[in-house]
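These notes concern the structure reproduced below.
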Amino acid sequence: MQVYEVGGAVRDALLGAPVTDRDWVVVGATPQQMVEAGYRPVGRDFPVFLHPETQEEYALARTERKSGPGYRGFTVHAAPDVTLEQDLSRRDLTINAMARAADGTVIDPYGGLRDLAAGILRHVSPAFAEDPVRLLRLARFAARWPDFRVADETMTLLRDLVRAGEVDALVPERVWQELARGLGETRPSRMLDVLRACGALARLLPEVDAHWGPDTDPGPTGRVLREALDEAARRRAPRTVRFALLACGPLLASSTPANLAAERVDALAARWRVPNDERELALLVARAAPEVARADALDAAGLVHLLDLGDAWRRPERFDQALLALECAWMAAAHDAPTHGSASAARRAEPDASTSGARPALRSLDRVRSAWALARSVDARAVTARAVARGQEGAAIAQALFAARRDAIDTGSAPG
């Protein structure tokens, strides 16, 4: 029985990155031997065991053979005669197909060290195209390491995979799992770039793909979306904010009516079974965007109505996240808007008119934030107590709270 550390843990250690999860492969053992050694079996489709002390996963060396569509269509063979090289050959990328022996020696039969040094994402074998999840994983890795490029022959395989309809066999949960991880990476826009380059973006996110031009140029709204996502990443925004930008960022940049934007968000969220927190924030962003964009023209009462619309009192954190998403989108649009004689003006003979409204929208956003801070400083319990002492209840208490918040915005300070 020989044990090797494999996969991402080896790769990350070589990159000098933190290693959080460790995976191990056992060569030359049977399931019975693993159980006798104290390991607990947990694998449903192939032999995987938990270490009795560390609870880390140890899998028996195995091979796979394509037997059906989708990522589950595989027949697995695990036996003591399966070699480490055979096990590594079934992995997706060369940088993930390395192992480390107990003495620290790196076993690299497929050139992972070379590709790691060169910054290349390259498939191990043609079997890569048999599992559509690998396409999403590669796009996620591109977002994690934006300086890495996809090998030409690997991009060809990705396109073949899309043309063969393998992407269409993915179950929603797996698509969302990989998209969510990609959104959480260093440069989420790179995930979209890879998906677009191989044709998968049109199959998975046609709403986003529609904002690309006929070639690789993302077009004005596509550029805004890419920059907005990367701005959210720079700010370490939570996944809810990043999904809101993915779902309705292009719609914000193209001035789509709120009701239509919300319908599109709902359709996208339903298709990939997106969790409620992400869906609800995206819907709030879509519906609130027009109101926030014109907040500079609102009086104090109008600003309180806007805060009511955003359910700011009951869910202040979500409202703050909505404002952050809008800020990222409008900052990206303002950055993309051409100025007279600028390089961007030369790049686009007919600039998207919506980007020119981004700077006024950002000023309105600042006004909403100021109003929100003043209204939030009102002591709602004290206002309610005074109203109750006057014999008021129900709607009258709500009106008293509204008036107190309006006056705080109007005067620039909360009442004592």
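Pairs are defined by a Cβ separation below 7 Å, a sequence spacing of at least 6 or placement on different chains, a first member in the stretch 115-144 that is more than 21 Å from residue 202 (Cβ to Cβ) and β-branched (Val, Ile, Thr), and a second member that is part of a helix (DSSP H, G or I) and modelled with pLDDT of 95 or more; the pairs so defined are 124/94. Would you be able to say whether some residue in the stretch 167-182 is among the acidic types (Asp, Glu) and more than 21 Å from residue 270 (Cα to Cα)? Taking every residue of the stretch 167-182 in turn, none turns out to be among the acidic types (Asp, Glu) and more than 21 Å from residue 270 (Cα to Cα). Each residue in the stretch 76-92 was checked for being more than 21 Å from residue 32 (Cα to Cα) and out of contact with any helix residue (DSSP H, G or I) (no Cβ under 7 Å at 6 or more places or on another chain), and 5 of them qualify.
Picking from residues in the stretch 8-51 that are assigned to a loop (DSSP other than H, G, I, E, B) and touching a residue at least 40 places away in the same chain (Cβ under 8 Å), the one that is farthest from residue 111 (Cα to Cα) is 30. Note on the stretch 151-168: residues that are on the phi < 0 side of the Ramachandran plot, surrounded by fewer than 16 Cβ atoms within 10 Å (Cβ to Cβ) and not basic (Lys, Arg) amount to 6.
Is it the case that some residue within the stretch 283-291 is free of Cβ contacts under 8 Å to residues at least 12 places away in the same chain and either within 26 Å of residue 181 (Cα to Cα) or surrounded by fewer than 18 Cβ atoms within 10 Å (Cβ to Cβ) (or both)? Checked against the condition, which is being free of Cβ contacts under 8 Å to residues at least 12 places away in the same chain and either within 26 Å of residue 181 (Cα to Cα) or surrounded by fewer than 18 Cβ atoms within 10 Å (Cβ to Cβ) (or both), the stretch 283-291 yields no hits at all.
Test residue 276 against the criterion of being at pLDDT 95 or above, surrounded by fewer than 24 Cβ atoms within 10 Å (Cβ to Cβ) and of a type in the set (S, T, N, Q), and give yes or no. Yes; evaluated as a whole, the condition is true for this residue.
Among the conditions (1) over 16 Å from residue 225 (Cα atoms); (2) modelled with pLDDT of 90 or more, the only one that residue 342 does not satisfy is (2). Apart from one condition, residue 109 fits all of (1) modelled with pLDDT of 95 or more; (2) over 27 Å from residue 129 (Cα atoms); the exception is (2). Take the residues of the stretch 91-123 that are touching a Ser or Thr at 6+ places or on another chain (Cβ under 6 Å) and part of a helix (DSSP H, G or I): which is surrounded by the most Cβ atoms within 10 Å (Cβ to Cβ)? Ranking the candidates gives 112 first.
Applying the criterion of at least 1 residues that are among the hydroxyl-bearing types (Ser, Thr, Tyr) to the helices (runs of 4 or more DSSP H) found wholly in the stretch 124-191 leaves 152-163. Being closer than 15 Å to residue 280 by Cβ and over 22 Å from the mean Cα position of the chain (by Cα) is the filter here; which residues of the stretch 307-328 pass it? Within the stretch 307-328, 309, 310, 311, 312, 314, 315, 316 qualify. Residues being under 20 Å from residue 80 (Cβ atoms) and crowded, with 16+ Cβ neighbours inside 10 Å are represented in the stretch 38-45 by at least one member. If the condition is being over 42 Å from the mean Cα position of the chain (by Cα) and not in a loop (DSSP other than H, G, I, E, B), then the stretch 377-396 contributes 385, 386, 387, 388, 389, 396.
The helices (runs of 4 or more DSSP H) found entirely in the stretch 205-264 that carry 1 or more residues being at pLDDT below 90 and in contact with a His (Cβ under 7 Å, 6 or more places away or on another chain) are 219-234, 239-253. Working carefully through the options 349, 332, 337, find the one that is modelled with pLDDT under 95, out of contact with any helix residue (DSSP H, G or I) (no Cβ under 9 Å at 6 or more places or on another chain) and either surrounded by 20 or more Cβ atoms within 10 Å (Cβ to Cβ) or more than 22 Å from residue 257 (Cα to Cα) (or both). Step by step, each of 349, 332, 337 is checked, and only 349 is modelled with pLDDT under 95, out of contact with any helix residue (DSSP H, G or I) (no Cβ under 9 Å at 6 or more places or on another chain) and either surrounded by 20 or more Cβ atoms within 10 Å (Cβ to Cβ) or more than 22 Å from residue 257 (Cα to Cα) (or both). Run down 78, 17 and say which single residue is farther than 22 Å from residue 132 by Cβ, of a type in the set (Gly, Ala, Ser) and modelled with pLDDT of 90 or more. Going through 78, 17 in turn, just one is farther than 22 Å from residue 132 by Cβ, of a type in the set (Gly, Ala, Ser) and modelled with pLDDT of 90 or more: 17.
Taken as a whole, the condition of being of a type outside the set (Val, Ile, Thr), outside the structural domain of residue 118 (by TED's automatic domain parsing) and closer than 20 Å to residue 276 by Cα does not apply to residue 153. Based on this model, can you work out whether residue 374 counts as touching an Asp or Glu at 6+ places or on another chain (Cβ under 8 Å), at pLDDT 95 or above, part of a helix (DSSP H, G or I) and surrounded by 15 or more Cβ atoms within 10 Å (Cβ to Cβ)? Considered against the rule, which asks whether it is touching an Asp or Glu at 6+ places or on another chain (Cβ under 8 Å), at pLDDT 95 or above, part of a helix (DSSP H, G or I) and surrounded by 15 or more Cβ atoms within 10 Å (Cβ to Cβ), residue 374 comes out as no.
The values are calculated or read from the model by the stated rules, or taken from the named source; none is laboratory data. Everything numeric in this text was worked out from a predicted model, so none of it was measured. Backbone-built Cβ (ideal geometry, glycine too); neighbour counts: all protein chains shown.
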